[in-house]
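First, the structure itself, so that you have it in front of you.
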Amino acid sequence: MRKLQHKTTEQFMLKLVANATKYAQQRAIIVGEQSFTYQQLLDASENLAQVLLAGQTDLSEKRVAFIVSPGFDYVAVQWAIWRAGGIAVPLCISYPLPSLQYVLEDTQAEIVVADAQYEAFIRPLVAQLQLSFVSLQSKPQATATVALPTLEKNRRAMILYTSGTTNLPKGVVTTHHNLEAQISTLVEAWQWRSTDHILCVLPLHHVHGIINVISCALWSGATCEFLPQFTAEGVLNLFNQGKINVFMAVPTIYFKLIAALESLSDTEQQQHKAVLQAFRLMVSGSAALPVSVMEKWQHLSGHRLLERYGMTEIGMAISNPYTGERKAGYIGQALPGVEVRLVDEHNQVVPTGEAGEIQIKGANVFLEYWNKPEATQKSFTSDGWFKTGDVAVVEEGYYRILGRDSIDIIKSGGYKISALEIEEILRTHPVVADCSVVGVPNEEWGELVAAALIVKEDSFDTQTLHAWLRERMPAYKTPRKYLVVNELPRNAMGKVTKNDLKKLF
């Protein structure tokens with residue numbers, strides 16, 4: 001376990017509750033035809049906190065897992081766990097039971113909360129593991145009332161799981177102090193305000209939806225509307241109501257919205273554009289934003305997407321500016337309160353203009369990997385910098401991601417090649433709808449550059465594409481293998497899972 005820091009009695013939940021009290025009668029959450037005020041959220045979360053405490057004075061960092069549909073109940077449960085002194089463990093609603101069992105056993109969760117939609121699904125597993133169960137379907141009411149605990153900032157607050165693309169997922173532990181730093185930094189940088197109205201279409205077992213969308217909105221007194229089941233048409237219909245003015249999504253979602261808009265007539269496109277231009281902010285993240293997607297979205301919406309960079313372990317660390325130039329293909333500059341440096345394989349800071357691994361330091365950085373002290377230690381330098389494993393370069397004051405060192409940096413014939421750079425060029429070809437580039441093992445070259453393609457024409461010719469690429473990049477960067485696929489393997493956040501893609505070659 002890492003040493004706890006920030007020994008102070010000022011607490012995150014006190015501020016969150018104070019902010020909610022300030023906006024008590026304003027709408028906090030909308031789900032379909034239902035809307036809920038901040039006062040209703042405070043009341044529901046306090047009642048659930050008392051239910052979880054069951055007469056105790058403090059959950060004392062007990063892990064409380066919950067599988068709840070996106071919406072009011074989800075937030076009420078999350079706040080209740082925090083207010084009762086527990087550690088919130090959001091379960092992914094699309095995971096199969098073995099994956100959920102892994103999380104419950106790894107966290108040693110003692111309580112599971114489920115709503116009506118997932119109660120029958122999760123109950124047998126809860127019984128098998130002999131855990132306490134709280135059903136929201138029965139609308140539990142506290143039978144005893146105790147004073148809610150006072151929580152120091154260094155309390156552990158949440159465990160989110162990494163995607164586990166290379167080995168078993170690791171539980172990322174954030175403290176109340178980490179959460180406050182991650183939220184308040186974005187509220188300042190992206191100029192959140194109480195008049196904002198954001199639509200949440202993102203999974204809620206991930207930092208993007210939990211922190212960037214829900215927590216920033218509710219910290220600011222804004223309204224968060226939920227669309228539990230994503231469809232491009234459903235999103236555009238909600239946009240057309242004229243209430244939503246902030247939107248955050250992954251590149252895959254923007255890609256789908258672009259396809260939906262491009263299928264409309266010119267007149268209908270202009271009607272949508274007039275609505276979209278009135279938005280205050282649109283953000284893309286969780287995967288690299290293709291320049292082609294950014295440019296198409298700007299043409300269709302009048303908005304230049306704000307791209308940023310973050311991880312489960314750090315929240316957000318780098319962002320294009322809210323006011324100022326948003327550079328296509330760049331993740332931006334360090335956020336307030338976050339230190340960023342680029343280092344070489346010897347952990348030495350690289351000169352400006354040279355590529356290096358991104359390392360992060362700040363109050364936003366997580367505490368530890370749950371019950372994995374060796375993994376935690378390996379992820380930090382001796383002087384406390386978190387090693388992200390992502391490689392970037394600084395150009396004209398902006399960070400540009402070259403890729404993940406383990407998967408996007410292809411080592412071929414003595415060269416280090418960025419898969420993301422090749423992907424950007426491939427996407428400019430008129431017949432390539434989408435693509436992903438990986439390195440596949442090869443005795444002679446170490447790795448061969450290989451490209452998986454989604455194409456718009458059945459008569460696609462890879463030899464013609466290869467000749468086209470040779471005019472646009474050095475020979476050593478051009479793919480040696482091509483594979484036409486119907487779809488690319490992706491995780492819940494829409495990010496291509498490149499280890500799964502490698503197996504196709």
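Nothing in this text is a laboratory measurement; each read-out follows from the coordinates by a stated rule. None of these values were measured; they are calculated from a predicted model. Quick reminder, even Gly has a Cβ in these numbers, built from the backbone with ideal geometry, and neighbours come from all protein chains shown.
If amide hydrogens are placed 1.01 Å from N in the peptide plane, which non-local residues have theirs closer than 5 Å to the one on residue 227?
Correct list: 200.
Just name one of 462, 484, 418: the one whose Cα is farthest towards the positive end of the charge dipole of region 409-504 (beta-carbon charges, Lys/Arg +1, Asp/Glu -1).
So the residue furthest toward the plus end is 418.
Which label marks the calculated value of log10 I(q)/I(0) by the Debye sum over Cα atoms at q = 0.10 Å⁻¹, given the options [x] -0.81; [y] -0.97; [z] -0.73?
Correct label, based on the coordinates given: [x].
Å³ per residue of the Cα convex hull, for region 1-129?
Taking the convex hull of the Cα positions in region 1-129, it is 127 Å³ per residue.
Report, in debye and to the nearest 20, how large the dipole of region 409-504 comes out about its Cα centre when Lys and Arg carry +1 and Asp and Glu carry -1 on their Cβ.
Magnitude of the dipole: close to 280 debye.
Quick one: order 139, 495 by neighbouring beta-carbon count within 10 Å, fewest to most.
So the ranking, lowest neighbour count to highest, is 139, 495.
Now, a different point. Of 402, 386, 375, which is farthest towards the positive pole of region 330-403's charge dipole, taken about the Cα centre with +1 and -1 on the beta-carbons of Lys, Arg and Asp, Glu respectively?
375
Could you tell me which of rounded, prolate or oblate describes region 409-504, using a ≥ b ≥ c as the square roots of the eigenvalues of the alpha-carbon gyration tensor, with rounded for a/c under 1.5 and, failing that, prolate when a/b is larger than b/c and oblate otherwise?
Because a/c hits 1.5 or more and a/b fails to exceed b/c, region 409-504 counts as oblate.
Also, I was wondering about something else. How far, in degrees from 0 to 90, does helix 38-53 lean away from the longest principal axis of the Cα atoms of the chain, to the nearest 10?
70 degrees
Please report, in debye to the nearest 20, how large the charge dipole of the chain is about its Cα centre when each Lys and Arg carries +1 at its beta carbon and each Asp and Glu carries -1 there.
That gives a dipole near 580 debye.
On to the next question. What whole number of Å gives the distance from the Cα centroid of region 51-99 to the Cα centroid of region 31-49?
15 Å
Could you list which residues have their amide H under 5 Å from that of residue 113, counting only those 5 or more apart in sequence or on another chain, with H placed in the peptide plane?
65, 66, 67, 134
Please determine, in degrees from 0 to 90 and to the nearest 10, the orientation of helix 72-83 with respect to the longest principal axis defined by the Cα atoms of the chain, where the helix direction is its Cα long axis.
For helix 72-83, the angle is close to 70 degrees.
Could you tell me, in Å, what Rg and Dmax come out for the Cα atoms of region 330-403?
12.7, 41
Which of the lysines could a cross-linker span from residue 378 if the Cα-Cα distance has to be under 24 Å and same-chain partners fewer than 8 positions apart are dropped?
3, 170, 361, 387, 411, 416, 498
What list of ³J(HN,Hα) couplings, whole Hz, do you get for region 223-232 from phi and the Karplus terms 6.51, -1.76, 1.60, once you set θ to phi - 60° and write x for glycine and proline?
The phi angles translate into 9, 10, 9, 10, 10, x, 10, 6, 9, 4 Hz.
Out of all DSSP beta bridges in region 33-187, what portion is antiparallel? Express it as a percent rounded to 5.
Around 30 percent of the beta bridges assigned by DSSP in region 33-187 are antiparallel ones.
Next question. Fewest to most neighbouring Cβ within 10 Å: what's the order for 73, 458, 500?
Ranking 73, 458, 500 by Cβ neighbours within 10 Å, fewest first, gives 458, 500, 73.
Tell me, what ³J(HN,Hα) does each residue in region 337-345 have, in order and in whole Hz, if you take phi through Karplus 6.51 cos²θ - 1.76 cosθ + 1.60 with θ = phi - 60° and put x for Gly and Pro?
Residue by residue, region 337-345 yields x, 10, 9, 10, 9, 10, 10, 8, 5 Hz.
Per residue of region 472-480, in order, report the coupling 6.51 cos²θ - 1.76 cosθ + 1.60 (Karplus, θ = phi - 60°) as ³J(HN,Hα) in whole Hz, putting x for Gly and Pro.
Running phi through 6.51 cos²θ - 1.76 cosθ + 1.60 with θ = phi - 60° gives 10, 7, x, 4, 5, 8, 6, x, 9 Hz.
With a cap of 11 neighbouring Cβ atoms within 10 Å, and only residues DSSP puts in a loop, list the GluC sites (Glu not before Pro) found in region 23-113.
Answer in residue order: 33.
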